[in-house]
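Report on the structure given below.
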Amino acid sequence: MLRNGFKFHIRYFVMKIGVISDTHLRSPTTRFFSLLRKYLSDVDLIIHAGDIVSLKIIEILSDFARTEAVLGNMDSVELSSILEPKKILHLSGFNIGIIHGWGSPDGITERIRKEFENVDAIIFGHTHSPLNEKREGVLFFNPGSPFDTIYAPFNSIGIIRIEEDLKGEIIRL
């Protein structure tokens, strides 16, 4: 780009974002702490896409890194007083929508897409099934569930890296 006759480049801050959803924990477990130490100890930001259940979980996540979270359908009244149902983060030149999701897993991406305009990515949960897919220029990212042994196809979390683009990675636990 040229500005006043000088070339300049837009620089993005490289970021590593840990993404987690559907923990459904009333209190922290040994497995939860192990997951944090192994996979999230070096992230710049943690995003929790809802169904946290307990404020204590958010407090512990915040001890590891700056944490952003949205309200899920199974979250406590205490969490509903401090969390929003959706939000948009502006990170390193990208707009990232965060929402838990609702209803049947069928058609969830179409429903949540209608909740956001001008976003580069939508992070969501609810289905307990991981998804890392770009559709019409928007990254749809669901980290799955790290602890569900009934509905999740496997336990997982996610990492999103921001460089010149957004790149998602599902980590099978």
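Answer with one residue from S81, V43, L173: the one whose Cα lies farthest towards the positive end of the charge dipole of the chain, charges on Cβ with Lys, Arg +1 and Asp, Glu -1.
The residue sitting farthest along the positive end of the dipole is V43.
Roughly speaking, to the nearest percent, how much of the chain's 1.4 Å accessible area is carbon and sulfur?
On the chain, the fraction of accessible area on carbon and sulfur atoms equals 51 percent.
With the Cα gyration tensor of the range 84-173 giving a ≥ b ≥ c as the square roots of its eigenvalues, does the rule (a/c under 1.5 for rounded; else a/b larger than b/c for prolate; else oblate) give rounded, prolate or oblate?
Judged from the Cα gyration tensor, the range 84-173 comes out oblate (a/c at least 1.5, b/c at or above a/b).
When DSSP assigns beta bridges and you keep just the ones with both residues in the chain, what percent turn out antiparallel, to the nearest 5?
Just about 60 percent of them are antiparallel.
Relative to the longest principal axis of the C-alpha atoms of the chain, give the angle of the C-alpha long axis of helix 55-64, reported between 0 and 90° and rounded to the nearest 10°.
50
Quote to one decimal, in nm, the extra length available between K16 and I150 on full extension: 0.36 nm per residue of separation minus the C-alpha distance between them.
Length gained between K16 and I150: 45.3 nm.
Per residue of the range 94-111, what does 6.51 cos²θ - 1.76 cosθ + 1.60 with θ = phi - 60° give for ³J(HN,Hα)? Whole Hz please, x for Gly and Pro, Karplus curve as stated.
Rounded to whole hertz, the list is 10, 9, 10, x, 10, 7, 7, x, 7, x, 5, x, 5, x, 5, 5, 5, 5.
List the aspartates and glutamates whose Cα lies under 16 Å from the Cα of K167, skipping any in the same chain that are fewer than 8 positions away.
Output for K167: D44, D120, E133, E136.
When the solvent-accessible surface of protein heavy atoms is calculated with a 1.4 angstrom probe, in what order do H128, H90 fall, highest first? Spell out each step's value before the answer.
Working: H128 25, H90 140 Å².
My answer, sorted largest first, is H90, H128.
For the chain, what is the calculated [θ] at 222 nm in deg cm²/dmol (nearest 500), taking -39500 (n - 2.57) for each run of four or more DSSP H residues and dividing by its residue count? Numbers along the way, then the final one.
On the way: 4 runs with 26 residues, N = 173.
Calculated from helices alone, the mean residue ellipticity at 222 nm is -3500 deg cm²/dmol.
Work out the FRET efficiency for E117 and L55 from their Cβ-Cβ distance, taking R0 = 41 Å, and round it to the nearest 0.05. Spell out each step's value before the answer.
Numbers: r = 31 Å, r/R0 = 0.75.
The computed FRET efficiency comes out at 0.85.
For the chain, report the accessible area per residue in Å² (1.4 Å probe, heavy atoms, rounded to an integer).
Details: 9290 Å² over 173 residues.
With all protein chains present, the chain gives 54 Å² per residue.
Mind listing the long-range amide H neighbours of K134? Cut-off is under 5 Å, sequence gap 5 or more, other chains count too, H placed in the peptide plane at 1.01 Å from N.
Amide H to amide H, under 5 Å and 5 or more residues apart or across chains, K134 pairs with F140.
On full extension of the chain, what length is gained from T30 through K167, given 0.36 nm per residue of separation minus the C-alpha to C-alpha distance? Don't skip to the answer; put the middle values down first.
Values: separation 137, 0.36 × 137 = 49.32 nm, distance 2.95 nm.
Length gained between T30 and K167: 46.4 nm.
Work out, step by step, the length gained on full extension between I82 and W102: first 0.36 nm times the residue separation, then minus their alpha carbon distance; give nm to one decimal. Could you put the intermediate results ahead of the total?
Values: separation 20, 0.36 × 20 = 7.20 nm, distance 1.95 nm.
The span from I82 to W102 would gain 5.3 nm if fully extended.
What are the residues whose amide H is under 5 Å from the amide H of I171, where those residues sit 5 or more places off or on another chain and H is modelled from the backbone?
HN-HN under 5 Å from I171: I157, G158, I159.
How do F116, F154 stack up against each other in accessible area, from largest to smallest, with a 1.4 angstrom probe?
Numbers: F116 10, F154 55 Å².
The residues order as F154, F116, largest area first.
Rounded, prolate or oblate, given the Cα gyration tensor of the range 120-173, with a/c below 1.5 counting as rounded?
Working: a/c = 3.15, a/b = 1.87, b/c = 1.69.
Judged from the Cα gyration tensor, the range 120-173 comes out prolate (a/c at least 1.5, a/b above b/c).
The values are calculated or read from the model by the stated rules, or taken from the named source; none is laboratory data. Small disclaimer: the values here were computed from a predicted structure and weren't measured. A quick note on method: Cβ atoms are made from the backbone with ideal geometry, for glycine too, and the neighbour counts reach across all protein chains shown. The accessibility values were calculated without ligands, DNA or RNA, using every heavy atom of the protein model including side chains. Shrake-Rupley method; radii C 1.70, N 1.55, O 1.52, S 1.80 Å.
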